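The values are calculated or read from the model by the stated rules, or taken from the named source; none is laboratory data. Quick caveat: nothing in here was measured; it's all calculated off a predicted structure. Every residue, glycine as well, gets a Cβ built from its backbone with ideal geometry; the counts of neighbours run over all protein chains shown. Each accessible area value is taken on the protein alone, full model and side chains, heavy atoms only, with ligands, DNA and RNA left out. Shrake-Rupley method; radii C 1.70, N 1.55, O 1.52, S 1.80 Å.
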Amino acid sequence: MKKKIISFLILLTAVLFPSVISAQELTSDTTLSTDVKDGIVVKSGNNVTLDLAGYSITNANGKDTIVVEKGATLNIKGEGVVTNTSHAKAVILNDGLLAINGGTYRRVDSKTNSFYVVLNHGNMTINNGLFEMENGYSSLIDNGWYSPEKNTSKEMSYLTINGGTFNMSGNDKYIKNDDYGMLTINAGEFNMKDPASACIANVGFYSGKELLTINGGTYNYTGSNVAIFDYDWNNDGYTDNSKTVVNGGNFKLANENAKVTNVVYDEQTTKKDYKVIGKDNEYVVAGDDEITEVTDVKEVKKEDVKEEDTKLIENTVSNKYNVVGYYDINTYKALKDDNSVLLDKVSETDKKVKVTLQIPANLKKVLEGYTRTYYVIRVHNGVADILDATLNDDGTVSFETDKFSTYTLTYKDVKNSNNSAVNNTNVVANPKTADSNILLISVIGLVSALGILISGLYLKLNY
């Protein structure tokens, strides 16, 4: 009877208070209403959502803080702080299906209790959240198996990062794609400070299928090694068929010796190093065959032009030219696949580039009897040059240049001479022909005959 009453009370508590965590096990959707000090476990067969709701979760001594078992599904949302203070235990251990959409996950001052913040052996997606590691000697995240022989099922570990912030300081490691690991990064901010060895490292090779793919993200790296790193186990006598592919990303490298390396091992075990190119200290990596040059034309106001350039323009214009507009024209290295990604600015090119400018519709028309000619004044490195321009039928003006900075479109109206065409009306002098010579001779003959006749009459009348 006593056992039945206790069972009834436990059941009643679960029905009336579904958001209360009991014995670390999470079996239904839960919104925290207080701090949890002994961790959380989601056992196989459960599919639940956990809202941190501003509260914190800490681990029981010697335990991982949040555990998702194989066959379990957990979705974490909301703001709150999840930590771990036990050596060799993770803030999050995932063997199931896990999605993180918010929260802070950290190990602080982990010199004596070092381990990963996240250890993923299942299928995990990070859409948002803050992940931090201070000190210690472990990676911030380990996707895959440090000891691959323990992965008896030989299943791959999948981690996709679509967002979030990842900070690491006082630690010489990185985010690690390990044996049996498949890591894809589409976005996120990765702040790895010296002595970090890298931001992201692909060190797995055991299964032969390990893959690190970086499509985006911002990488702030103050170390002097390789920001994106693929360890080549071939050099150690193993067969390394793993791949690291870097398709994009913004890389802010504080140390000039730091590199971003794309290493791809194909059937011939070849290595491909991508160049680091960028704009305003933000970098992407790309091969020579993936880079093109794009000319960017922007009309600007006179007050936006540098004062020293304005003076040069005014001295060149003087009273000879009329100003149409001012332009900032630059050429950038860009990705062939996406010309909107403008990278290194190119101040000069080996070959001249054709630039086309639109003539404003409200520009006053040329007066009758005048001819208008367009010119471009280029100011580059403190020198002003006048470039010839061609008027096109579509109301644009084109010119060629190999230097890029400040440009001014001008024109000059010149009065036509008497024999010139006026306002596009063809006025052509009659050409001299044989017929006109005959006519001239005939006229002269007629005048001569008339003269002889008048002379005869004059003589007849006076004699």
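Evaluate 2.2 N^0.38 Å with N set to the residue count of segment 89-199, then give the Cα radius of gyration divided by it.
Compactness ratio reported: 0.99.
Take the Cβ-Cβ distance between residue 33 and residue 87 as r, set R0 to 41 Å, and report the resulting FRET efficiency rounded to the nearest 0.05.
Result of the calculation: an efficiency of 0.85.
Could you calculate the contour length gain from residue 318 to residue 354, that is, 0.36 nm times the residue separation minus the distance between their Cα atoms, to one decimal place in nm?
10.3 nm
Which number comes out as Rg/Rh for segment 34-167 once both Rg and the Kirkwood Rh are worked out on C-alpha atoms?
Dividing the radius of gyration by the Kirkwood radius yields 0.93.
What FRET efficiency, computed as 1/(1 + (r/R0)^6) with R0 = 51 Å and r the Cβ-Cβ distance, is obtained for residue 79 and residue 209, rounded to the nearest 0.05?
Calculated value: 0.90.
Length gain on complete extension for the stretch residue 330 to residue 169, per 0.36 nm per residue less the alpha carbon to alpha carbon distance?
Here the segment from residue 330 to residue 169 would lengthen by 54.1 nm.
Which residue, 124, 97, 55, has the largest displacement toward the positive end of the dipole of segment 53-126 when charges sit on each Cβ (Lys, Arg +1; Asp, Glu -1)?
55
Stokes-Einstein diffusion coefficient for segment 129-264 at 4 °C in a medium of 1.567 mPa s, Rh from the Kirkwood formula over Cα pairs: what value in µm²/s?
88
What nm distance separates the two modelled labels at residue 415 and residue 307, each placed 7 Å from Cα along Cα→Cβ?
Result for the modelled spin labels: 4.0 nm.
Can you sort 147, 224 by 1.4 Å-probe accessible area, starting with the largest?
Greatest to least solvent exposure: 224, 147.
Can you grab the distance from the C-alpha centre of segment 360-387 to the C-alpha centre of segment 55-82, Å, no decimals?
Taking the Cα centre of each part, segment 360-387 and segment 55-82 sit 69 Å apart.
Hull surface divided by four, with the convex hull built on the Cα atoms of segment 379-419: how many nm²?
4.4
Considering only Cα-Cα distances, which of the following residue pairs are longer than 20 Å: 252/352; 320/364; 176/209; 252/403; 252/351?
252/352; 252/403; 252/351
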